[in-house]
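So the structure is just underneath, and the comments pick up after that.
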Amino acid sequence: MKRRAQHGSLDQVGLTIQEVAREAGVSTSTVSRALNNTGQVSLGTRKMVLSVVRELGYVPNAHARHLALSKRRKIGMIVSDVSNPFSSRVSRRAPPSSVTK
C-alpha cells in the first residue's frame, strides 16, 4: 500500500492514519486527537502531527470515518424452535425497522 520513494517521501495512495502516526513518531490516537482537535495533545505535538499530515498529503478516509462514528442499534434473536408460538409472537412485535431478511 505504501512505498518509499528514493528521497524518503511516501506515496499518497492508500495512506492511513497508522502510517501518519509512524512517520510522526506518535500513536494513532495522538494523530486522531490532533486532527480532530480533541483530547489532550500538546501544542508542539499537534503542530508536528499537522506538519507531517501536510507533508504526506494525508486525507482522512470519509468512509472509514462514517463506519467508526455510526451508531447502529441492532436486535438479535436466537430461538431454539421457530415453530414455538412464543418466539413468533416476540418477533412479530419487534419494530419493523429492526426486522431484516
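The values are calculated or read from the model by the stated rules, or taken from the named source; none is laboratory data. Note that the coordinates shown come from a computational prediction; the quantities given were computed from them, not determined experimentally. Here the Cβ positions follow ideal geometry from the backbone for every residue, glycine too, while neighbour counts run over all protein chains shown.
Annotations
- Yes/no for VAL41 being surrounded by fewer than 16 Cβ atoms within 10 Å (Cβ to Cβ) and assigned to a loop (DSSP other than H, G, I, E, B): no
- Residue check for THR30: touching a Ser or Thr at 6+ places or on another chain (Cβ under 7 Å) and modelled with pLDDT of 85 or more: yes
- Residue satisfying all of: in the stretch 81-97; part of a helix (DSSP H, G or I) and within 34 Å of the chain's Cα centre (by Cα); modelled with the highest pLDDT among these: SER91
- Taking the stretch 44-79 as the range and being part of a helix (DSSP H, G or I), of a type in the set (Ser, Thr, Tyr) and farther than 16 Å from LEU15 by Cα as the test, only THR45 passes.
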